[in-house]
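Chemist: Dropping the structure in here first, questions after.
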Amino acid sequence: MKSAVFYGKHDLRVEEHEMPKVGPKDVLIKVKACGVCGTDVHIYEGDKGAADVTPPTILGHEFSGVIAEVGSEVTNYKVGDRVCIDPNCYCGACEPCRNGVAHYCEHMIGYGTTVNGGFAEYCAVNERQVYCLGDNTTFEQGAMTEPVACCLHGMDMCEIHPGHQVVVIGGGMIGLLMLQLAKLAGAAKVALLEPVEGKREVGMKLGADVCIDPIHEDVKARLKEAGLTWVNTVIECVGRPSTIEQAIDIAGNKAIVMMFGLTKPDEEIAVKPFQIFQKELSLKASFINPYTQKRALDLIDSGRLNVSSMVYDVCGLDMLGDVLSKPELRANGKYIISPEK
């Protein structure tokens, strides 16, 4: 089968790979759509993502498709089912799993990270990780379920209440999802900070009350003009030290600053403890997607969350190397890979 195999930093090869072996509790998925994630970029650049990757590995953890084969002990799914997956498979027996924090599982299997994933024509997955797509959900939308699930975990930690004021930094896919989730959570005003005009335009269409160019505009003055005088939550979706520091600076008293964007492992930020003390800020971060996959899938299928506006293009496996290696391409928006193209 045609696959995109990661061999090491800046070494991704599209080549023929043996078909996955289907265990008794596995299903074989014919992949229809697989999203390119920031974690994939970090791995391609030789950095650690949410999990360690040992080459050679087929990347891709945001995917959907059709079940082509089921293992001998599978009873909940059948050939032909339209499905997506939660790529993080917990053991259920280690101390974190037995204490309600399974996303810190000591023996976690990660499809597309620790084992082969969805940048291929087929992928075998344990049935525990499989979710049927809703009738209203396309394969491309289904591939967005995992990032939405991650956003939901972060959003739960943001503690947004009806009437709150929220600032989202970064208008990429994650930022545009967070913008919508903040509105759904009851935020009275949501501002988006994004330097790319096209992304600001999408942000306005998705419900932002104000979109600000942080490069050419006075952010604090524009927030004040828009009525955001006490920012309760700032969600940083860029993953740069400068934007995390900006999030802390613009947060209001007793605010929560959610550091959602993934930085490089060794990057540091300059923090003034007195500023944290004086404003009584809570600094938080969100790790993967524990127990939120079904909520994400239902939210997408309901039509209340738009996961299509931020998708720039659906392309074949042969384009994956360019997407991972060229920031100017990723700046256009979300890319989804279809092995059938």
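Chemist: Taking segment 15-30 only, how many residues are crowded, with 16+ Cβ neighbours inside 10 Å and either without any contact (Cβ under 8 Å) to a residue 24 or more places away in the chain or in contact with an Asp or Glu (Cβ under 6 Å, 6 or more places away or on another chain) (or both)?
Modeler: Qualifying residue count for the region: 3.
Chemist: For segment 264-273, does any single residue satisfy the condition of being of a type in the set (Gly, Ala, Ser) and closer than 19 Å to residue 206 by Cβ? Quick ask: steps written out before the conclusion?
Modeler: Filtering segment 264-273 down to residues of a type in the set (Gly, Ala, Ser) leaves 270.
Cutting the leftovers down to closer than 19 Å to residue 206 by Cβ gives us none.
Scanning segment 264-273, I find no residue that is of a type in the set (Gly, Ala, Ser) and closer than 19 Å to residue 206 by Cβ, so the answer is no.
Chemist: Still on this structure: Among 305, 299, 281, 262, which is touching a Gly at 6+ places or on another chain (Cβ under 6 Å) and within 29 Å of residue 160 (Cβ to Cβ)? Don't jump to the end; show me each part of the working.
Modeler: On the way: 305 fails: touching a Gly at 6+ places or on another chain (Cβ under 6 Å); 299 fails: touching a Gly at 6+ places or on another chain (Cβ under 6 Å); 281 fails: touching a Gly at 6+ places or on another chain (Cβ under 6 Å).
After applying the criteria, what remains is 262.
Chemist: Ok, one more. Out of the residues in segment 299-341 that are in a loop (DSSP other than H, G, I, E, B) and aliphatic (A, V, I, L, M), which is surrounded by the fewest Cβ atoms within 10 Å (Cβ to Cβ)?
Modeler: Going through the qualifying residues, I end up with 331.
Chemist: If I filter segment 289-298 down to residues being surrounded by fewer than 22 Cβ atoms within 10 Å (Cβ to Cβ) and not basic (Lys, Arg), which single residue comes out as nearest to the chain's Cα centre (by Cα)? Walk me through it before giving the result.
Modeler: Step one: list which residues in segment 289-298 are surrounded by fewer than 22 Cβ atoms within 10 Å (Cβ to Cβ), which gives 290-291, 294-295, 298.
If we keep only those that are not basic (Lys, Arg) as well, we get 290-291, 298.
Values: 290: 13, 291: 15, 298: 17 Å.
Per the stated criteria, the residue is 290.
Chemist: State which residue is nearest to residue 147 (Cα to Cα) when the search covers only segment 49-76 and only residues that are within 26 Å of the chain's Cα centre (by Cα) and among the hydroxyl-bearing types (Ser, Thr, Tyr).
Modeler: 64
Chemist: Name the residues in segment 158-172 that are small (Gly, Ala, Ser) and over 26 Å from residue 196 (Cα atoms), would you? Steps first, please.
Modeler: So in segment 158-172, the residues small (Gly, Ala, Ser) come out as 163, 170-172.
Within segment 158-172, just 163 meets the criteria.
Chemist: How many residues are crowded, with 18+ Cβ neighbours inside 10 Å, among the aliphatic types (A, V, I, L, M) and over 15 Å from residue 261 (Cβ atoms) when one looks only at segment 174-207?
Modeler: The qualifying residues number 8.
Chemist: Related question: When only residues in segment 270-320 that are out of contact with any strand residue (DSSP E or B) (no Cβ under 9 Å at 6 or more places or on another chain) and acidic (Asp, Glu) count, which is farthest from residue 134 (Cα to Cα)?
Modeler: 280
Chemist: Okay, moving on. Among the residues of segment 315-341, which ones are among the hydrophobic types (A, V, I, L, M, F, W, C) and closer than 15 Å to residue 4 by Cβ? Even if it seems obvious, please write down each step before you answer.
Modeler: Filtering segment 315-341 down to residues among the hydrophobic types (A, V, I, L, M, F, W, C) leaves 315, 317, 319-320, 323-324, 329, 331, 336-337.
315, 317, 319, 320, 323, 324, 336, 337, listed by residue number.
Chemist: Which of the helices (runs of 4 or more DSSP H) found entirely inside segment 85-163 contain at least 3 residues meeting this: surrounded by fewer than 21 Cβ atoms within 10 Å (Cβ to Cβ), touching a Phe, Trp or Tyr at 6+ places or on another chain (Cβ under 8 Å) and among the charged types (D, E, K, R)?
Modeler: Values: elements: 95-98, 139-143, 145-158.
Result: empty, no element qualifies.
None of the figures in this text is laboratory data; all of them are computed from the coordinates on show. Only a predicted model underlies this, so the values are computations on that prediction, with no experimental measurement involved. All Cβ positions, glycine included, derive from the backbone under ideal geometry; neighbour counts span all protein chains shown.
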